[in-house]
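The structure under discussion appears below in the form of structure tokens.
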Amino acid sequence: MATGLQTIINGCNGIQINRRNVVGIQYTRNEIPRVSQTPTRNPWKISIDMPNSFRYSEARALMEAIDTLDTTTPQIVSFGNNPNLSWIFAYQGQLNASQRNQMAVQSFVGDVLTLSTLPVVPSSRVIFEPNDLIQFGNLPYPFTVTQQVLRGSAPTVSMVLSRPNILSTNVTGYGLTIGNACSFNMFCPNMPTYKLIPGGQMMSNGLVSNNALIEWSDKFFLYEFVGTA
């Protein structure tokens with residue numbers, strides 16, 4: 001059974017995703033904007049809205065897990081194991097699983113990924129649609145494809161990803177993890193506290209047992225842990 005941040009994701013009633021670059025804007029005296037962009041690893045930031053419907057008697061393992069994680073410890077989470085969430089990052093291209101598994105990394109320089117060992121399919125077949133997720137084997141950090149990618153007729157195909165190569169591992173020859181099979185290494189720097197509200201009673205052996213509903217002090221702000229990989 002999932003615990004910790006995965007349970008929070010599975011039980012949420014709203015998700016807000018932020019992958020925007022850090023940008024500063026200054027205006028001159030004649031109101032000409034000057035824009036500067038700070039180089040970062042472009043971490044994923046996900047805000048989770050939680051319902052106040054967790055029963056205390058059923059969520060004690062969750063409470064222990066998030067208290068143990070505190071505000072600094074990362075945890076691997078996924079959107080693919082829950083049928084209510086798996087559609088969010090579902091693969092949109094037109095290759096089947098066997099064909100996707102054939103592809104391997106030839107190079108990943110800057111934000112340009114080149115794949116080789118491509119499947120034998122028509123040149124017009126869509127390999128990736130914009131916003132399809134890619135990971136390299138079991139390494140962290142999902143990347144997204146920025147434009148539609150067709151198979152074409154060449155032995156390789158190149159595409160621009162959402163952020164440059166931030167991996168310290170040489171990924172040449174790696175296979176791909178794609179779509180909702182990708183995972184995220186997240187921590188919660190604001191880790192909300194919880195309050196017990198009387199209610200949520202349950203029947204046990206014909207008797208009503210005391211219980212409480214959990215009310216969270218804030219949203220869960222999950223931040224991608226972008227250490228070395």
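Read-outs: derived from the displayed coordinates by stated rules, not from any lab. Just so you know, these numbers come straight off a predicted model, no measurement behind them. So basically every Cβ, Gly included, is an ideal-geometry build from the backbone, and we count neighbours across all protein chains shown.
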#### Entry: Paired Rg and Dmax values of the chain, which use every Cα atom, in angstrom
21.7, 76
### VAL120 versus TYR27: modelled label distance in nm, points set 7 Å from Cα along the beta carbon direction
6.2 nm
### Query
Say each of THR193 and SER153 gets a label point 7 Å from the Cα, pointing the same way as Cα to Cβ; how far apart are those two points in nm?
6.8 nm
### Query
So what's the back-of-envelope 222 nm ellipticity for the chain, counting only DSSP H runs of four-plus at -39500 (n - 2.57) apiece and dividing by all residues, rounded to 500?
-2500 deg cm²/dmol
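Taking 0.36 nm per residue of separation and subtracting the Cα-Cα distance, what length does fully extending ASP218 through ALA97 add? Let's see the in-between values first.
Values: separation 121, 0.36 × 121 = 43.56 nm, distance 3.97 nm.
39.6 nm is the gain from fully extending ASP218 to ALA97.
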### Query
Nearest 20 debye, what's the magnitude of the dipole of the chain about its Cα centre given +1 on Lys and Arg Cβ and -1 on Asp and Glu Cβ?
500 debye
### Query
In whole angstrom, how far apart do the alpha carbon centroids of the range 45-102 and the range 104-182 sit?
23 Å
### Whole-number Å³ per residue for the convex hull built on Cα positions in the range 1-134
210 Å³
### Query
When the C-alpha atoms of the range 97-181 are aligned to their principal axes, what extent does each axis show, in angstrom, from largest down?
34, 24, 22
## Note on the structure
Along the dipole axis of the chain (charges at Cβ: +1 for Lys and Arg, -1 for Asp and Glu; origin at the Cα centre), the most positive-end residue among PHE136, TYR56, CYS182 is PHE136
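Given Cα pairs under 8 Å that are at least 6 residues apart, what percent is the relative contact order of the range 1-122? Don't skip to the end; give the middle numbers.
Working: 114 pairs, mean separation 26.5, N = 122.
The value is 22 percent.
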### Query
Relative contact order (percent) for the range 97-181, with alpha-carbon contacts under 8 angstrom and 6 or more residues of separation?
38 percent
### Query
If you line up the Cα atoms of the range 52-130 on their principal axes, what length do they span on each, largest first, in Å?
56, 28, 20
### Query
Once phi is turned into θ = phi - 60°, what whole-Hz ³J(HN,Hα) does the Karplus curve with 6.51, -1.76 and 1.60 give for every residue of the range 72-89, x standing for Gly and Pro?
10, 8, x, 9, 6, 10, 9, 9, x, 8, 10, x, 7, 10, 4, 5, 4, 10
### Message
Name the residue from GLN92, ASN211, PRO192 whose Cα lies farthest towards the positive end of the charge dipole of the chain, charges +1 on Cβ of Lys and Arg and -1 on Cβ of Asp and Glu.
### Response
GLN92
### Query
With axes computed from alpha carbons, what is the tilt in degrees of helix 60-69 against the longest principal axis of the chain, rounded to the nearest 10 within 0 to 90?
50 degrees
